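Step one of this worksheet: look at the structure below.
The values are calculated or read from the model by the stated rules, or taken from the named source; none is laboratory data. All of these numbers come straight from a predicted model, not from anything done at the bench. All Cβ positions, glycine included, derive from the backbone under ideal geometry; neighbour counts span all protein chains shown. Quick note on the areas: whole protein, heavy atoms, side chains included, nothing else; ligands and nucleic acids left out. Shrake-Rupley method; radii C 1.70, N 1.55, O 1.52, S 1.80 Å.
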Amino acid sequence: MALLELNNVTKHFEVRQGVLQKLQRQPVSLIKAVQSVNLTLGENEVLGIAGESGCGKSTTCLMIAGMLQPSAGEIHFSGKRVDQLLASEQAWYRRQVQMIFQDPYESLNPRFRVLETVAEGPRALKLWPEKEILERSVDMLSSVGLPPAKYAERYPHELSGGERQRVGIASALVMEPRMVVADEPLSMLDVSIRAGILDLLKDLASKRHFSCVYVSHDLSILGHIADRLMIMYLGQAVEMGPTWEVIRNPQHPYTRALINAVPVPDPRVIRPVPTIRGEVSRPINPPPGCRFSPRCPHATTVCQQAFLQLQPDENKPHQTACVRLEELSQTNQLAEASP
Ligand SMILES: Nc1ncnc2c1ncn2[C@@H]1O[C@H](COP(=O)(O)OP(=O)(O)OP(=O)(O)O)[C@@H](O)[C@H]1O
Ligand SMILES: [Mg+2]
């Protein structure tokens, strides 16, 4: 049984109306941020989520972490439905799932010293006696590469971005979660320190045996850390599969373009410019079909009407949400028209 399961998870936000729109009784528009996403995450597995800005990655993470209520669908964790938890069960879930946020500057309380910050979560949930909480917090600081003698008494403003993110990681992992949701934890950091933090996360994931949902724009980071990948476009999951299969053999026209847009550090490699046209739009009242269809070089009217929803299946690990995929592969059109 999978540790985490999302069934048809959907999140729609209402667009706030101005006075004029209200007086004119205009219908409320919906931002369809996440549309009918299905996914599973196994024990000790790392699932990477990639896609352009605004495609619903953070909204998906917040729903998984129980910080945002889905508009429809179900989320199950360890066999238990967690999108409708009773107040008495919320503390249990808050411990099982921890989030690591994108912005290490905002995620720490400026009035708490480093050791207090790390000990805060276990204290709030009264996980262990005070002495044990302090011992575990000190050990955790050492595990994330922050020697307690040097860092325990510092305030966040006395730390670098990378050190703050290590404190964020320590605060999440001291809770001994079964799952970590990391929403672009490296994107605000200097390129030179990203590799160190990424290696640290990878090392801790294998030592401490937690599963992880890891969001990034950067496919090279996901290639390094994720076992499986899910590619999203404007709220829809368009492709899912083992990481290297998706990267080496992308199927969906959007994934193909995304992967071809990754720079290659070899000036001799000449690749055609991706044939995606137009700009990514906001998912306000989108049409029912594939949301990539207005930009897809292969789209026909069928694509505007129908969307193939991905359904996790152990026997078919690599899946693509393209109604024309078979036809395009048979006639070799994907390779010709796509980059
Ligand atoms: N609270 C909210 N109210 C209204 N719209 C929202 C809200 N949160 C997110 N959205 C909208 O939902 C869509 C998805 O946003 P989300 O933050 O999930 O994207 P993302 O993939 O994480 O983007 P990025 O890569 O820039 O972080 C966007 O169009 C965004 O404007
Ligand atoms: Mg985001």
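Data table
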{"read-out": "Test: residue in the range 71-84 that is open to solvent by less than 60 Å² (accessible area, probe 1.4 Å), in contact with a Phe, Trp or Tyr (Cβ under 6 Å, 6 or more places away or on another chain) and more than 16 Å from ligand 1 (Cβ to nearest atom)", "value": "yes"}
{"read-out": "Members of the range 296-324 found to be in contact (Cβ under 8 Å) with a residue 24 or more places away in the chain, of a type outside the set (A, V, I, L, M, F, W, C) and open to solvent by less than 80 Å² (accessible area, probe 1.4 Å), listed by number", "value": "PRO297, HIS298, THR300, GLN309, PRO312, PRO317, HIS318, GLN319, THR320, ARG324"}
{"read-out": "Helices (runs of 4 or more DSSP H) contained in the range 150-243 and holding at least 2 residues of a type in the set (A, V, I, L, M, F, W, C) and out of contact with any strand residue (DSSP E or B) (no Cβ under 7 Å at 6 or more places or on another chain)", "value": "161-173, 191-208"}
{"read-out": "Among the residues listed as MET99, MET67, the single one being under 18 Å from the mean Cα position of the chain (by Cα) and open to solvent by 40 Å² or more (accessible area, probe 1.4 Å)", "value": "MET67"}
{"read-out": "Count of residues meeting criterion [without any contact (Cβ under 8 Å) to a residue 24 or more places away in the chain and either open to solvent by less than 40 Å² (accessible area, probe 1.4 Å) or within 21 Å of HIS209 (Cβ to Cβ) (or both)] in the range 102-144", "value": "6"}
{"read-out": "One residue from ASP203, ASP218, ASP199 being within 16 Å of ligand 2 (Cβ to nearest atom) and surrounded by fewer than 18 Cβ atoms within 10 Å (Cβ to Cβ)", "value": "ASP218"}
{"read-out": "Test result for VAL323, at pLDDT below 75 and part of a loop (DSSP other than H, G, I, E, B)", "value": "no"}
{"read-out": "One residue from ILE169, ILE193 being among the β-branched types (Val, Ile, Thr) and free of Cβ contacts under 8 Å to residues at least 60 places away in the same chain", "value": "ILE193"}
